[in-house]
Amino acid sequence: MWKRSGHQPKIKAEDGPLPGQFEVLGSVPEPAMPHPLELSELESFSVFEDIRLHIRKVGAQLVKKVNAIFQLDITKDGKIILQRTIDLKNGSGDMYPGPARLPADTVFTIPEPVFMELALGKMNPQKAFLAGKFKVSGKVLLCQKLERVFKDWAKF
């Protein structure tokens, strides 16, 4: 093996960074998510609250029918402004803010005006997807099951 004998460090106490060698960093940029007070101003916020209440009432039935986790990323000007997860796979169902705690089966990236039209039944989800109005990643066929959840909620 290698042995070092009489090793002396080559760095001296006066060897330090030269003046101007490092940049002074500015403040941390603002997070992409809006402030909680601004969330209540979004139209989709109240829709999500209604859906959350609906899932609390009939979540166990939905878990049996759907058996999937959906993550919805609502965007405005290309930035995510609201993120919700609909968990219809575990327990009696749940909807919570933020990204999915377990891997999501399907992730939707939807502009807020398009989401509102879809949620209120003014736009056909399949036609909107084929027209490129929103993006879906993961198991695309599960979209039909989520469509049923929204239809049930609309009746509610």
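Scan ASP73, ASP87 and give me the residue that is in contact (Cβ under 8 Å) with a residue 12 or more places away in the chain, in contact with a Lys or Arg (Cβ under 8 Å, 6 or more places away or on another chain) and under 20 Å from CYS143 (Cβ atoms).
On the way: ASP73 fails: in contact with a Lys or Arg (Cβ under 8 Å, 6 or more places away or on another chain).
Exactly one of ASP73, ASP87 is in contact (Cβ under 8 Å) with a residue 12 or more places away in the chain, in contact with a Lys or Arg (Cβ under 8 Å, 6 or more places away or on another chain) and under 20 Å from CYS143 (Cβ atoms), namely ASP87.
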Query raised in the report: Here are some conditions: (1) open to solvent by 70 Å² or more (accessible area, probe 1.4 Å); (2) touching a strand residue (DSSP E or B) at 6+ places or on another chain (Cβ under 7 Å). THR109 meets all but one. Which one does it not meet?
Result: (1)
Query raised in the report: List the pairs whose first member sits in segment 111-136 and is under 15 Å from SER44 (Cα atoms), whose second member is open to solvent by 40 Å² or more (accessible area, probe 1.4 Å) and small (Gly, Ala, Ser), and whose Cβ atoms are under 9 Å apart, counting only residues at least 6 apart or on separate chains?
Result: PRO111/GLY78; ALA119/ALA154; LEU120/ALA154; GLY121/ALA154
Query raised in the report: Tally time: how many residues in segment 24-43 are open to solvent by less than 100 Å² (accessible area, probe 1.4 Å), out of contact with any Lys or Arg (no Cβ under 9 Å at 6 or more places or on another chain) and either among the acidic types (Asp, Glu) or modelled with pLDDT of 60 or more (or both)?
Result: 1
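The values are calculated or read from the model by the stated rules, or taken from the named source; none is laboratory data. Just so you know, these numbers come straight off a predicted model, no measurement behind them. Neighbour counts are summed over all protein chains in view; Cβ atoms, including those assigned to glycine, are modelled from backbone coordinates with ideal geometry. With ligands, DNA and RNA removed, areas are computed over all heavy atoms of the protein, side chains included. Shrake-Rupley method; radii C 1.70, N 1.55, O 1.52, S 1.80 Å.
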